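Q: After the structure tokens below, expect a handful of questions from me.
The values are calculated or read from the model by the stated rules, or taken from the named source; none is laboratory data. Fair warning: this is a prediction, and the values are worked out from it, not measured in the lab.
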Amino acid sequence: MQKKIGFIGFGEIAQLILEGLLKMEVVEKENVYASAVHKDKLLKNCECYGIKASTNEDIAKNADIIFLAVKPHNFAEVKDVLKGLDKDKFVISVISTLRSPEFARELPEVNIIAAVPNVCVGSAKGVFVADITNNLKEEDLKTFNELLTPIAKIYYLTPDTMSIGGTIAGCTPAYSAMYVEALSEAAVKYGLNRQMAYEIISQMLIGTATMIQDGRHPAQIKDLVSSPKGSTIKGIIKLEENGFRNKIIEAIEEVQSER
């Protein structure tokens, strides 16, 4: 893609998006710009990726597509730069707590879409949940899909489900990684090499996820493995004794209570 890409805010999630785009050769380094509050850190990070360190104003002027990736409390400081943005440009906001109604109020003339990614975009296996009520033009929406589909599955959600969609996609890689760690601890306890444990566990998760994507219900997969009087059902009962599923639901509820 020959479009010029700008990142206003170049923290971890912005860098992961860029990693995925570069990995999949969607963009070229010389067409990418970034700005951030901490200039020394910005220069170091831009040098690492081989892209241009810039300013908010220059990005608004020169970039065709702008990722708005600042912290929510910094939005007020950068929104004025985007006012009056040329109509042939558009903004992708990855600010997790801002939705279309806020942008319609604060930036009514700007072509913008709220699209929350998860960390897996860096490996080109990510998720973007995008607000279906965005105001992108048809050609911009096509470009948006062409830009991000190589690094993520895009799910268009209504404003009232964007929050929970973002929580499920964005927070649970951490919970899943903790699950992998716990399984590997048990594997090492019983003599398996840790790296081999990680490989077996990650492949198991990929296979399980693929079965679900292919149409198998999670409960059906559970039942396939759970033989009468078998070891798997004993483990399931122990998990339920300790509130396994309820604790997961409580974790999601805790996140949602903060949004």
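Q: Which helices (runs of 4 or more DSSP H) sit wholly inside segment 29-138 and have at least 3 residues that are of a type in the set (A, V, I, L, M, F, W, C)?
A: Answer list for segment 29-138: 39-49, 75-82.
Q: Now for a different question. Restricting attention to helices (runs of 4 or more DSSP H) lying wholly within segment 143-245, give those where 1 or more residues are more than 22 Å from the chain's Cα centre (by Cα) and not assigned by TED's automatic domain parsing to the domain that holds ILE112.
A: 172-189, 194-213, 218-225, 231-241
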